[in-house]
Amino acid sequence: MKKTLLALAVPALLMAGSASAATVYTAEDGSTIDVYSRLGFNITDRAGMGEDGDAVGNFDARIGLGGSQVVNDKVSVIGWAEYSVGAAEQRGTDNSFTPRYVWAGIDASEAGKVTFGRVASGIIMLSDVGDVFAASDVLIGRQLELVDNSAAQTFRQDGTIQYQNSFGAFDMSVAYILGNSASDQDGSYNAVGRYTFDMGDAGQLIPIVAYQANSTGDNAVNPDADYTFWGAGLQYKLNALTLGAMYNQDEIEGVYSDKSTDKSYELTAVYNINDDWTARAGYRALENTGGDEAEYKDTTLEIQYHLTERSSIYTSYVMRNGENGDALVPSSNVMSWNNAEEDYYHLGLRYEF
């Protein structure tokens, strides 16, 4: 019985896309094989810096494979590999087939979970406060890629050792980040905590705090650079309504001539109108000083129509009133693909398995 419960619990613990993975095989001892896929097509006129906002169609897909292997009634070996898959016209580019999460680990039930590799960072607990839209871009920790070329902002980094556990209403995560041979991380780590206050008929109040620090060694692209990130967020959930607020700040030294600082806050609202319709709205403001001097001031409105439990049509409009700032190097500006000054629309169909 304990093995069966453990096998059922493990897929739910696999973060990111695998949280909704389907179990395609279950062995007699409770070991499982799980798969996940997301297929989508988007029409948008979003432009990069210096580009015209002509409408284009983009194929968007993710595919993942993993599962668990039972050791005993308390411990399982777990793993996950998930990739982004581009369309034919993207072959030969960095976007054609790229790893999102690739990790292996140990799930020790009440003792917690340890994962190794390109894991889903615990900071996702904080970023999820603002990451509610199909259309808009997430800016949290955008400068991290300048000190770790394997990093996708704060969401995932190569060579991470992460421990996660829950103690009643408290969820926590700590990680030490080794990086890969090119990023040459030296003493990098993060820590996240989240607590859910259940107020009965008055809903749930969920505060989250997160911190990360990165340093690079002599062999990194930007040697002897230091990066710090911290943020705090709050979610309120009442029946069909979810409200969110978040503030975060990151600083980087040793890359620009001065210390580069991002300060950002976000406000979001999600309302499930009924089983078929969901409405979302949000505002985000980010300002950089000492670096690329970029500003983001985005207002996002989005409607989702649920075709099935797993398939939806999204339509969004993003009003932007920011400034792109100046590139550190013309070919490698942080988020050079993201024009902070031009409004855009998004129409997408998404199917998940």
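A few remarks follow.
- Residue list for segment 269-316, restricted to those being surrounded by 15 or more Cβ atoms within 10 Å (Cβ to Cβ), closer than 26 Å to residue 351 by Cβ and out of contact with any Lys or Arg (no Cβ under 9 Å at 6 or more places or on another chain): 272, 278, 280, 281, 282, 306, 315
- Any hit, segment 179-201, residues being crowded, with 23+ Cβ neighbours inside 10 Å, under 30 Å from residue 282 (Cα atoms) and among the small types (Gly, Ala, Ser): no
- Qualifying residue in segment 183-191 (condition: free of Cβ contacts under 8 Å to residues at least 12 places away in the same chain and not charged (D, E, K, R)): no
- Only one entry in 285, 340 is out of contact with any Leu (no Cβ under 8 Å at 6 or more places or on another chain), among the aliphatic types (A, V, I, L, M), part of a loop (DSSP other than H, G, I, E, B) and not assigned by TED's automatic domain parsing to the domain that holds residue 64, namely 340.
- Residue under evaluation residue 43, criteria (1) under 27 Å from residue 155 (Cα atoms); (2) modelled with pLDDT of 90 or more; (3) surrounded by 18 or more Cβ atoms within 10 Å (Cβ to Cβ), criterion not met: (3)
- Which listed residue is crowded, with 23+ Cβ neighbours inside 10 Å, farther than 15 Å from residue 213 by Cα and acidic (Asp, Glu), from 128, 107, 148: 107
- Enumeration of residues in segment 48-96 that are among the hydrophobic types (A, V, I, L, M, F, W, C), in contact with a Phe, Trp or Tyr (Cβ under 7 Å, 6 or more places away or on another chain) and at pLDDT below 85: 87
- Residues located in segment 59-78, provided they are surrounded by fewer than 21 Cβ atoms within 10 Å (Cβ to Cβ) and under 20 Å from the mean Cα position of the chain (by Cα): 59, 60, 61, 62, 63, 65
- Restricting attention to segment 254-264, the residues being assigned to a strand (DSSP E or B) and surrounded by fewer than 17 Cβ atoms within 10 Å (Cβ to Cβ) number 1.
- Residue satisfying all of: in segment 317-326; assigned to a loop (DSSP other than H, G, I, E, B) and surrounded by 15 or more Cβ atoms within 10 Å (Cβ to Cβ); modelled with the lowest pLDDT among these: 325
- Scanning segment 167-178 for residues that are assigned to a loop (DSSP other than H, G, I, E, B) and loosely packed, with under 15 Cβ neighbours inside 10 Å yields 168, 169.
- Given (1) modelled with pLDDT of 95 or more; (2) more than 17 Å from the chain's Cα centre (by Cα), index of the condition residue 259 fails: (1)
- Once segment 198-234 is narrowed to residues that are in contact with a Pro (Cβ under 8 Å, 6 or more places away or on another chain) and in a strand (DSSP E or B), the residue that is farthest from residue 139 (Cα to Cα) is 216.
- Filtered residues of segment 129-165 (kept if in contact (Cβ under 8 Å) with a residue 12 or more places away in the chain and of a type in the set (D, E, K, R)): 137, 142, 145, 148, 156, 158
- Single residue of segment 202-216 satisfying the filter (among the β-branched types (Val, Ile, Thr) and at pLDDT 95 or above) that is surrounded by the fewest Cβ atoms within 10 Å (Cβ to Cβ): 209
The values are calculated or read from the model by the stated rules, or taken from the named source; none is laboratory data. Quick caveat: nothing in here was measured; it's all calculated off a predicted structure. Cβ: placed from backbone, ideal geometry, glycine included. Neighbour counts: every protein chain shown.
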